[in-house]
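Undergrad: Got a structure for you, questions after.
Bear in mind that the values in this text are calculations on the coordinates, not laboratory data. Just so it is clear, the model here is predicted, and its values are computed rather than measured. Cβ placement follows ideal geometry from the backbone for every residue including glycine, while neighbour counts extend to all protein chains displayed.
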Amino acid sequence: MVVRILLLGSGAREHAILSALAAEGAGHEVTVAPGNAGIAAEATTISLDPENPKLVADFAADNAIELVIIGPEAPLVAGVADAVRARRIPVFGPGKAAAQLESSKAFAKRVMDAAGVPTGRAERAATIEEVVVALDEFGAPYVVKADGLAAGKGVLVTDDRDAALEHAEHYLQLGPVLVEEFLDGQEVSLFLFADGETVLPLTPAQDYKLVGDGDVGPNTGGMGAYSPLPWLPAGFVDEVVDTVALPVIRQLASEGTPFSGLLYCGLIVTPSGIRVIEFNARFGDPETQVVLPRLVTPLSGVLFAAATGTLGEVPPLEFSNDVCVTVVVASEGYPSDPQTGRPITGLDAAAAVPGVAILHAATARDGDRLLATGGRVLSVVARADDFAEARARAYRALHEIGLEGSHFRTDIALRVAK
Ligand code: AMP
Ligand code: GLY
């Protein structure tokens with residue numbers, strides 16, 4: 001069945017969603033607002049403001065859109081899903097109230113406590129004196145988090161007590177901060193489709209959050225990812241469903257704020273078990289770029305089921321046995337001060353490497369030229385039978401790409417490549 005779809009967002013995550021919809025071969029009519037240069041080459045793009053609830057709902061109604069897919073968090077927090085749902089148009093993404101699971105770390109902690117979900121201990125501090133008490137209670141390494149959305153910059157994990165205090169002082173100007181217990185272990189991102197009552201898990205991925213090889217430097221939106229995670233214990237996904245996702249979904253439903261859309265569980269596998277570090281209310285970027293290419297089940301049907309409360313009728317999702325690696329190309333100066341407006345070259349040669357797809361993030365056309373317009377510019381995605389080959393393909397493609405001053409990590413998926 002052909003579906004008329006409106007997809008909101010402009011990153012490589014949205015490009016990956018678009019590619020997954022196209023891979024169904026059903027010929028869906030997809031309009032993307034606002035998209036980017038890579039997306040514009042494959043779908044209709046419009047300059048509609050994705051964060052304006054009324055404009056999005058009007059567009060969807062006027063154009064007989066059958067499914068609205070919300071990519072990033074900002075439209076969710078702005079109430080776009082509520083406005084579309086009020087017009088009785090199926091929308092993939094939670095309303096503003098349930099999206100607080102991502103937009104307010106204090107809200108997320110309260111819901112986790114109420115639902116009995118395992119997470120690190122945390123103290124909310126409104127003054128620097130309270131921060132000092134909490135830092136000394138938990139000890140080093142110190143974890144300090146701004147409460148609201150901060151595009152990955154609000155969190156500091158450090159052994160340096162003065163740096164922790166300085167970070168807290170900065171964010172206290174905006175409101176209370178959270179001081180958390182440090183959780184030691186491998187990080188896992190697990191996405192689950194949710195329809196308010198039930199959940200359907202996707203397949204785990206691992207994100208590389210810090211800018212530099214060997215996990216050094218500042219936190220970013222994510223510099224690369226791979227999937228699947230061969231080192232996870234059997235039963236991991238079921239355990240997350242039973243001890244994390246379902247309790248949270250049930251708790252939110254009981255509070256009158258049912259969560260429908262994508263529940264992103266950011267987890268740490270510690271020696272004493274799985275702990276939640278954060279929830280997001282949308283697909284992760286860049287993890288989506290390695291999860292969706294492996295999805296065999298047609299994506300649109302599952303998104304529609306989540307949007308219409310019928311996920312319980314959908315069988316378990318199927319994934320291919322291929323592995324997938326993505327490496328993000330970032331502009332000079334990212335994350336603190338990305339330099340933009342520079343030309344990108346070599347994408348045709350990069351895309352010609354077997355198993356490779358180039359997903360666009362911050363790109364725009366300027367006549368014949370392709371320009372980088374932001375911090376994370378491209379996601380180079382490689383599929384193969386094994387991680388060594390997927391890495392080889394991704395890095396072969398990366399060496400074809402020209403963007404002055406750009407940087408990427410060279411160790412994505414290295415730990416699983418034999
Ligand atoms: P968040 O925005 O909460 O996901 O935090 C960003 C990153 O900081 C996470 O992906 C982790 O790498 C790290 N982090 C956050 N909280 C903790 C914690 N309690 N213990 C260890 N690392 C953490
Ligand atoms: N890759 C982390 C995120 O999407 O929040």
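Undergrad: Filter the trypsin sites (Lys or Arg not before Pro) in the stretch 86-188 to those in DSSP coil with at most 14 other Cβ atoms within 10 Å of their Cβ, and list the result.
TA: Those that pass, being in a loop and sparsely packed, are R87, R88, R121.
Undergrad: Scan around V155 for amide H atoms under 5 Å from its own, H built in the peptide plane at 1.01 Å from N, and keep only partners 5 or more places away or cross-chain.
TA: Amide H neighbours of V155: A146.
Undergrad: Would you mind telling me which residue in V327, V132, V377 has the biggest mean-square fluctuation in a Gaussian network model of the chain, where springs connect alpha carbons within a distance under 10 angstrom?
TA: Maximum fluctuation in the GNM of the chain, among the listed residues, is at V132.
Undergrad: Apply the Karplus parameterisation 6.51 cos²θ - 1.76 cosθ + 1.60, with θ equal to phi minus 60°, to every residue of the stretch 289-302 and state each ³J(HN,Hα) to the nearest whole Hz, in sequence, with x for glycine and proline.
TA: For the stretch 289-302, the Karplus-derived couplings read 5, 10, 8, 5, x, 8, 6, 8, 4, x, 5, 4, x, 6 Hz, x marking Gly and Pro.
Undergrad: Still on this model: Using +1 at the Cβ of each Lys and Arg and -1 at the Cβ of each Asp and Glu in the chain, identify which of Q339, T158, G367 lies farthest towards the dipole's positive end.
TA: G367
Undergrad: Arrange the following residues from fewest to most other Cβ atoms within 10 Å of their Cβ: Y395, Y334, Y226.
TA: Y395, Y334, Y226
Undergrad: Pick out, in residue order, every one of the GluC sites (Glu not before Pro) in the stretch 184-279 that is DSSP loop and has at most 14 other C-beta atoms within 10 Å; say none if there are none.
TA: Answer by residue number: E255.
Undergrad: Below 28 Å, Cα to Cα, which lysines can K54 reach? Residues fewer than 8 away in the same chain don't count.
TA: Here the lysines satisfying the reach criterion relative to K54 are K96, K105.
Undergrad: If you take the charge dipole of the chain about its Cα centre, with +1 on Lys and Arg Cβ and -1 on Asp and Glu Cβ, which of L178, P141, I268 is farthest toward its positive end?
TA: Among L178, P141, I268, the one farthest towards the positive end of the dipole of the chain is I268.
Undergrad: Please give me the summed charge of the neighbours of P176: other residues whose Cβ is under 9 Å from its Cβ, Lys and Arg +1, Asp and Glu -1.
TA: Surrounding charge for P176 is -1.
Undergrad: Quick one: grab the alpha carbon gyration tensor of the chain, order the square roots of its eigenvalues as a ≥ b ≥ c, and give me rounded if a/c is under 1.5, else prolate or oblate depending on whether a/b is larger than b/c.
TA: Because its axes are fairly even, with a/c under 1.5, the chain counts as rounded.
Undergrad: At what distance in angstrom do the alpha carbon centres of the stretch 1-38 and the stretch 115-132 lie from each other?
TA: 40 Å
Undergrad: Go ahead and set up a Gaussian network model of the chain, Cα springs under 10 Å, then flag whichever of A86, A281, A253 fluctuates most.
TA: Looking only at A86, A281, A253, the biggest GNM fluctuation is shown by A86.
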